[in-house]
1. Give me the angle, in degrees from 0 to 90, between the Cα long axis of helix 17-27 and the longest principal axis of the Cα atoms of the chain, rounded to the nearest 10.
2. Can you compute the helix-only [θ] at 222 nm over the chain? Use -39500 (n - 2.57) per DSSP H run of at least 4 residues, normalise by all residues, nearest 500 deg cm²/dmol.
3. Can you give the charge dipole size of the chain about its Cα centre, rounded to the nearest 20 debye, using +1 on the beta carbon of Lys and Arg and -1 on the beta carbon of Asp and Glu?
4. Label-point separation (nm) for ALA9 and LEU118, each offset 7 Å from Cα along Cα-to-Cβ?
5. Determine the dipole magnitude for region 101-149: charges of +1 sit on the beta-carbon of Lys and Arg, -1 on that of Asp and Glu, nothing else is charged, the reference point is the Cα centre, and the result goes in debye to the nearest 20.
6. I want to verify a result. In a Gaussian network model of the chain, Cα cutoff 10 Å, which of these has the top mean-square fluctuation: ALA50, ALA68, ALA132?
7. Under the rule of at least 5 residues apart or a separate chain, name every residue whose amide H is placed under 5 Å from the amide H of VAL124.
8. Using Cα pairs closer than 8 Å and at least 6 residues apart in sequence, work out the relative contact order for the chain, in percent.
Amino acid sequence: MLRELYGRAEVEHVLSGPGLINLHRFTHDGVRCRAMTEGPPAAAVMAHAALDASCPGCAEALDLFVSAYGAEAGNLALRGGATAGVFIGGGIAPKILPLLQRGEFMAAFRGKPPMTELLLRTPVKVILNTDAGLVGAAVLANELLINTS
């Protein structure tokens with residue numbers, strides 16, 4: 001399905017707001033459910049329908065998203081040697097925190113034999129401040145201004 005739409009399947013086609021919509025298309029065989037007709041932003045509506053269990057297909061799509069999210073976070077932790085910890089930021093993670101805490105995310109994060117033991121010791125935290133990136137950029141900009149004055 002992703003190759004038909006984009007020519008190739010990339011992680012961003014699954015692990016993003018638009019990726020949730022792609023997963024929705026997959027779990028609903030391309031048919032829009034009631035949750036997807038309630039207006040934009042579609043990913044947020046779909047996530048809400050999944051979290052409140054009003055749409056089983058949306059819940060399935062979000063479950064797939066959470067597993068893929070955990071698997072990719074584990075891949076990135078291994079690639080970056082992030083043994084001191086992984087901090088997950090962005091807009092989606094805080095909104096789906098109950099699903100991230102259920103266990104599937106961490107099972108996918110750690111499910112990388114023979115590296116499972118290493119990932120068992122790697123802490124994972126979700127950044128709840130949605131402005132964390134802006135705050136960090138402001139601090140850096142302030143430091144740059146101070147150092148150039």
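Laboratory data are not the source of any read-out in this text; all were calculated from the coordinates shown. These numbers were taken from a predicted model, which means no experiment stands behind them. Cβ coordinates were reconstructed from backbone atoms using ideal geometry, including for glycine residues, and neighbour counts include every protein chain displayed.
1. 30 degrees
2. On the way: 9 runs with 88 residues, N = 149.
Here the helix-only value at 222 nm equals -17000 deg cm²/dmol.
3. So the magnitude is around 220 debye.
4. Placing both labels 7 Å along Cα→Cβ, they lie 2.6 nm apart.
5. Dipole size: approximately 280 debye.
6. Greatest mean-square fluctuation among the candidates belongs to ALA132.
7. Those lying under 5 Å, H to H, from VAL124 are VAL86.
8. 19 percent
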